[in-house]
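Written below as structure tokens is the structure these notes are about.
The values are calculated or read from the model by the stated rules, or taken from the named source; none is laboratory data. Remember, predicted model here, so these are calculated numbers, not experimental data. No Cβ is skipped: glycine too gets one built from the backbone with ideal geometry, and neighbour counts run over all protein chains shown.
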Amino acid sequence: MGTSIGPTPENVERVVLPPPGVALSPVGSASARRVRTGYLLLTPLVLLMVVLSLFPALYAYYMSVNHVLLSNIDQRRFVGLDNYASLLTDPAFLQSLVFSVIFALVTTTVEFVLGLGLALLFNVIHRGRGIAISLLLLPMMVAPALFGIMYRLMLNDFIGVLTYYLGLFNISTDTLVGTNLIVPVVMAIDILQWTPFVFIILFTALQAVPSEIIEAARADGAGPWKLLRHILFPFIVPAVVVALLIRGVDAFKAFDMIYVFTGGGPGQLTTTASIYIYKIAFDSSDVGRANAASVILLLLLTPVLVVTMKYILRSETPTT
């Protein structure tokens with residue numbers, strides 16, 4: 001006997017109609033309600049961002065075009081772009097910008113190389129990996145200011161631990177903190193603290209690479225270099241961009257560790273743009289010029305942030 005495939009009471013889906021006089025709700029009403037609910041939930045966060053970010057930024061723009069002293073901040077005198085002009089012709093400010101750029105480029109590059117190397121190493125090591133990673137992440141758990149104080153004490157002439165061990169090799173700490181080596185020492189301290197940050201981002205990205213692809217590449221005869229270049233690195237490019245962006249911007253505006261370690265000296269050798277702004281605002285009491293310098297820093301960083309974010313969003317957009 002053939003099997004009936006026609007509609008039967010068992011295989012016909014029952015449709016329940018609304019009572020007479022009750023209109024059917026539009027198809028998109030539920031979706032519209034979800035959208036409205038989402039916007040409603042986002043409203044407090046948007047208001048908080050406006051209060052904490054937009055208002056201070058607009059106030060900084062306003063203060064930057066006025067002559068304002070910290071000792072008498074209520075009295076302002078409009079000076080237009082004079083603060084900007086004086087900054088762009090100030091050799092100390094330009095030197096601080098140059099040092100900030102060099103500091104950011106060197107430290108970020110070294111941290112990326114070391115972080116990538118550690119990530120690749122721990123990606124193939126399994127025994128004791130958890131304990132080793134926990135110990136490796138300890139430096140970045142310390143506040144940068146405390147990190148700077150720690151190394152300042154370690155290099156102290158009387159109680160410094162590093163001073164004692166360097167003395168065994170007839171190396172004076174004055175050599176490290178003098179004018180010749182102070183910049184590499186400051187960079188090395190930053191690298192020691194923030195290499196784990198780059199490492200953990202890249203290591204997490206490597207862990208997300210499908211093992212089947214790696215095994216297939218090895219079966220095809222791909223060596224370590226080809227595996228890194230053609231398989232692993234293309235997968236972790238978004239993570240690399242994020243790590244470089246965060247560390248580059250953070251290193252460019254470095255303040256606390258350098259300030260407590262050297263105070264921006266000797267002279268102006270380790271004065272970053274952030275330290276320059278701090279000194280102008282609180283040592284020279286010139287709040288107007290300090291705000292103008294902050295605006296210049298923001299204008300310098302904005303194109304980098306915009307280009308990087310466009311790249312990240314484009315890389316996350318699925319292609320059809």
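Every residue in region 45-72 that is part of a strand (DSSP E or B) and either touching a strand residue (DSSP E or B) at 6+ places or on another chain (Cβ under 9 Å) or surrounded by 12 or more Cβ atoms within 10 Å (Cβ to Cβ) (or both), please. If the condition is that a residue be part of a strand (DSSP E or B) and either touching a strand residue (DSSP E or B) at 6+ places or on another chain (Cβ under 9 Å) or surrounded by 12 or more Cβ atoms within 10 Å (Cβ to Cβ) (or both), then 66, 67, 68, 69 are the ones that fit.
Being in a helix (DSSP H, G or I), over 30 Å from the mean Cα position of the chain (by Cα) and surrounded by fewer than 18 Cβ atoms within 10 Å (Cβ to Cβ) is true for just one of 146, 166. Which residue is that?
On the way: 146 fails: over 30 Å from the mean Cα position of the chain (by Cα).
On inspection, the qualifying residue turns out to be 166.
Does residue 106 qualify as being among the β-branched types (Val, Ile, Thr), without any contact (Cβ under 8 Å) to a residue 12 or more places away in the chain and on the phi < 0 side of the Ramachandran plot?
Considered against the rule, which asks whether it is among the β-branched types (Val, Ile, Thr), without any contact (Cβ under 8 Å) to a residue 12 or more places away in the chain and on the phi < 0 side of the Ramachandran plot, residue 106 comes out as no.
Of the residues making up region 300-315, those that are surrounded by fewer than 11 Cβ atoms within 10 Å (Cβ to Cβ), out of contact with any Pro (no Cβ under 7 Å at 6 or more places or on another chain) and either at pLDDT below 80 or of a type outside the set (Val, Ile, Thr) (or both) are 303, 310, 313, 314. Contact annotation: residue pairs with Cβ atoms under 8 Å, 6 or more positions apart or on different chains, pairing a residue in region 284-308 that is farther than 16 Å from residue 273 by Cβ with a partner that is in a helix (DSSP H, G or I) and hydroxyl-bearing (Ser, Thr, Tyr), are 288/64.
Which residues, taken from region 202-250, are small (Gly, Ala, Ser), at pLDDT 85 or above and in a helix (DSSP H, G or I)?
Within region 202-250, the first condition is being small (Gly, Ala, Ser), and the residues that meet it are 205, 208, 211, 216-217, 219, 221-223, 239, 243, 248.
From the residues that got through so far, the ones that are at pLDDT 85 or above too are 205, 208, 239, 243, 248.
Selection gives 205, 239, 243, 248.
Can you tell me which residue in region 177-233 is farthest from the chain's Cα centre (by Cα), limited to those that are over 30 Å from residue 145 (Cα atoms) and of a type in the set (D, E, K, R)? Don't jump to the end; show me each part of the working.
At the first step, the residues of region 177-233 found to be over 30 Å from residue 145 (Cα atoms) are 206-233.
When the remaining residues are screened for being of a type in the set (D, E, K, R), the result is 212, 215, 218, 220, 226, 229.
Working: 212: 32, 215: 33, 218: 34, 220: 38, 226: 30, 229: 25 Å.
The selected residue is 220.
Output yes when any residue across region 99-114 is among the polar types (S, T, N, Q), part of a helix (DSSP H, G or I), at pLDDT 95 or above and surrounded by fewer than 20 Cβ atoms within 10 Å (Cβ to Cβ), and no when none is. Yes - at least one qualifying residue is present in region 99-114.
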